[in-house]
Each structure stands twice: as C-alpha cells, then as structure tokens.
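Worksheet: the structure to be examined is printed underneath.
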Amino acid sequence: MIVDVHAHTPTHRDAVPAADRQVYDNWRNDRPVVTTNSWADYDTAMAAADVTIVFNILVDNPLELTGLPYLPERTNKSDRSHVVL
C-alpha cells in the first residue's frame with residue numbers, strides 16, 4: 001500500500017485558467033513548482049497512491065509563504081469541502 005502523507009488541496013475543481021496559474025520557488029531548490037492545480041491534475045499525480053492525506057497550512061499570507069492561493073480563514077474549510085472517503 002502506498003500512502004502519500006503530504007499533499008495539498010487542489011486549488012481548482014476544474015482546469016486552472018491561465019490567469020490563475022501560480023508558480024512558487026521555495027518548495028524545491030532545483031526548480032520552481034506550479035502550485036495551482038485541478039482535481040484531475042491531482043488524480044494524475046497521485047495515481048500510484050492508494051491513500052492520500054491532503055491539507056493546507058494555516059499562515060497569515062498563504063500565497064507569499066506557501067505559494068498556495070487560498071484565504072487564511074478558509075484553510076480548514078477548503079480542505080473539508082473536498083473530503084472523499
């Protein structure tokens with residue numbers, strides 16, 4: 001069984017419009033990472049995993065500090081709205 005224990009909630013239910021695309025340089029030291037993704041993107045990336053644990057990080061300025069475009073007050077709500085059991 002493969003369990004991915006560090007994944008972030010996709011930012012979009014459907015395809016990410018070009019105007020919404022975000023790239024963050026601080027996740028990896030070898031390349032920038034696109035931080036906006038859809039559930040279809042997520043499913044493709046996690047295809048090998050049997051289970052994934054998905055979460056966001058509560059910080060004052062998510063876009064600046066994590067590269068993820070969500071409102072701090074919606075951190076837990078955005079996770080909860082996408083729960084699939």
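No value in this document is a laboratory result; all are computed from the given coordinates. Quick caveat, the model's predicted, so the values are computed rather than measured. Don't worry about glycine lacking a Cβ; one is built from the backbone with ideal geometry, like all the others, and counts go over all protein chains shown.
Here are a few things to note about the model shown:
- Listed from fewest to most Cβ neighbours within 10 Å, the set ASP41, ASP50 follows the order ASP50, ASP41.
- Cα-based equivalent ellipsoid, the range 3-80: semi-axes from gyration tensor eigenvalues, Å: 18, 16, 14
- Peptides ranked, highest mean first, by Cβ atoms within 10 Å: ranges 56-68, 26-38: 56-68, 26-38
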